[in-house]
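Below is one structure, written out as structure tokens; the observations come after it.
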Amino acid sequence: MSTYAPIHSLLVANRGEIARRIMRTAQTMGITTVAVYSDADADSPHVAEADLAVRLPGSSPSDTYLRSALILDAASRTGVDAIHPGYGFLSESGDFARVVTGAGFIWVGPPAAAIDAMGSKIGSKDLMRAAGVPTLPSITVNDDRLPDIVAVEELGWPLLVKASAGGGGRGMRIVWGASDLAEAVIGARHEATSAFGDGTVFLERYLREPRHIEVQVLADAYGDTVALFERECSIQRRHQKIIEEAPSPFVTPELRAHLVDAAVTAAREVGYVNAGTVEFVVDADGEPYFLEMNTRLQVEHPVTEAITGLDLVRLQLLIAGGAHLPPEVHAAVAAGPQGHAIEARLYAEDPANGWLPSTGTVHRFEVGVGPGSGPAGSGSTARVDTGVESGNMVSPHYDPMLAKVIVHAPSRPEATATLAATLAGARIHGVTTNRDLLVRTLRHPAFVGGDTDTGFLDHHGLDQLAAPLADHRAVQRYALAAALAEQAGRRIAATVQPSVPTGFRNNPAALQEVTYLAGGMPIAVGYRFDRAGRTLDVAEIDGEVVEVEMGPVAPDRVTLSIDGITRHVLVEQHGAITYVDGPDGSAVLEEVDRFPLAADQLAEGSALAPMPGGVVRVHVAVGDTVETGQPLVVLEAMKMEHAVHATAAGTVTEVLVAEGDQVETGRTLVVVEPDAGDGEGEGAGSAIPSGSTR
């Protein structure tokens, strides 16, 4: 017998896009929503969209979203019925689930015992193995002592070292042989302790070129458990997903039945209630092995919603209120996957520069469609779940994901093409993103053909996939458009403020020249107007004269016809940075100061902070000699660690930071005096950050 009692008010113990996503459904169900927010998120859209909002003093996760006492106090003060944890933060904390229910609130999630059972990767594997769910053999490591090498050899090389308590690629290492084992175990244990407070790791055989496939499960409190098919999540960076799709192009009906049966068995084994995901790695022969269970809503849940027509958040709220699984769930299971859906995660990071996170003001965020659903192509629908809008700040305190773009279409080729076009047409200014990497991946012949695995980016050349706008000629055209837009702005300003220079030249033969940096490469352009000042008489791009017919030119829009092809280009300038979007893609151009001040020049060999963050380790001291590529300092930002390396061999002459310091972008960390003859041509401050080490 059902004891359903509708939820009337809900606190979302999270932030950003998932908070907005949950509140959107809750409000359509007539539920009053309460947001919590840190000081860094005071202007976040999720705060404005909630019916009520409660401040959590501070900015770091440990001071705000991870403090269960603050969350419960906010819930008590606003008188809510229920708490939804979203994903991340406290969503997979059995202790938090217990204190929520112990305080009399409804917990929108699974029972605490189920969270505990699946919270340990080691314990959950043992449990699943006993239940008959296929798993890989493993060895647990509780301290820095290495396990018996004979037992390790029996697992087979290569091995994967993984943290028991966490996820997201942290505390994870691939080990190719016995000589690398000790360093990998110690490093993984350090990361796991720092990230999750538990240094326990385990070793298991590393599957080469596996697929990462997961199954969405739903269960009510009356024993009704179903699986809503699979999601393919093999396109990853740093062991974290960036493109997900449903259904998987690899999964056959037979394999789907096997995966669904294993996922339902796993959920029932732990008494699971509400929405959850059972994850598997599948080898090249199509054999699945249990990986873990995520006892919460997944980032990629929208692709399952798209192919089933179900609102998973609505179902979570109904189940939490005591409802049976409604008939539409069983109807969706019987109907099977409808069409194809693909999701891409937009991150504020630079894939071409070691996945370095990017922070700052998002001057413009336009991704084709607004939040919710809308037409994006013939037979296709697109949806954007985002935590930012134009004018918002991207903080160093949280995960760098900005948004998820989801497309549903009748077929996989249509979904792939529409998502790629939607992303390519986006205008995202102010922070560096992985947008171009996503577009090139979606358009890569291997992806289009469904040939994906977890090593996709490495197999197909990350350097090419992640590079800035590759068409050099297109960048030159964009640089010319940027220069003309800036000129137009000066002319307009001069009409209201005569002291502003217009760029007028007494000598009509002289070209007006501008140099930009695009991806670190100098791009020089020159142009000359006709005597009427309305059309270009001549333009020069990298020394080559081209014929240009100039259409309407404004500070934000330029029309150019070159070689008989007309292009409409959108331009946005912020200080020395110009953002250009057009049919050839997008480019970020930094105007080079023609007359730099000597005081602005930095000492050669200076290692600068590439982003704001905290100093977690300093590897060198004054007087040390270093080699090119040697790590100098490790910074932590956006939940990840990033090492800054020496760009030349030399001697450390200054160390200007210590562990625990907070630094801003551009701050000098370490000064290295290069060896004689080394470092020629290197600009000051060119020490480079590595990819994430956590």
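No value in this document is a laboratory result; all are computed from the given coordinates. All figures in this text were calculated on a predicted structure; none of them were measured in a lab. Heads up, the Cβs are rebuilt from the backbone with ideal geometry, glycines too, and the neighbour counts pull from every protein chain shown.
The table that follows gives values for the structure above.
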item: Per-pair calculated FRET efficiency, R0 = 60 Å: Ala335 and Glu627 via Cβ, rounded to 0.05; result: 0.45
item: Rounded FRET efficiency, nearest 0.05, which uses the C-beta distance separating Val150 from Tyr87 and R0 of 41 Å; result: 0.55
item: Of [x] 180; [y] 169; [z] 134, the label for volume of the Cα convex hull per residue in Å³ derived from the coordinates; result: [x]
item: Cβ crowding within 10 Å averaged over residues, with 571-578, 348-355, 655-662, 384-391 ranked highest first; result: 348-355, 384-391, 571-578, 655-662
item: Alpha-carbon centroid distance for the pair region 275-295 / region 415-455, whole angstrom; result: 25 Å
item: Cα centroid separation, region 42-110 to region 173-245 (Å); result: 26 Å
item: Within-14-Å neighbourhood charge of Val133 [Cβ basis; K, R +1; D, E -1]; result: -3
item: Model label zone, Trp157; criterion: amide N under 20 Å from point 7 Å along Cα-to-beta-carbon; scope region 181-221; result: 181-188, 202-210
item: For the chain, calculated [θ]222 nm from helices alone, where every DSSP H run of n ≥ 4 adds -39500 (n - 2.57); result: -7500 deg cm²/dmol
item: For the chain, share of DSSP beta bridges that run antiparallel, in % to the nearest 5; result: 90 percent
item: Lys pairs, the chain - Cα-Cα below 21 angstrom, 8 or more residues apart or on other chains; result: 9
item: Cα→Cβ-extended label distance, 7 Å offset, between Asp95 and Asp51, nm; result: 3.2 nm
item: Highest to lowest packing among 614-620, 443-449, scored as the average C-beta count within 10 Å; result: 614-620, 443-449
item: Ordering of 35-47, 253-265, 64-76 by burial proxy (mean other Cβ atoms within 10 Å per residue, highest first); result: 35-47, 64-76, 253-265
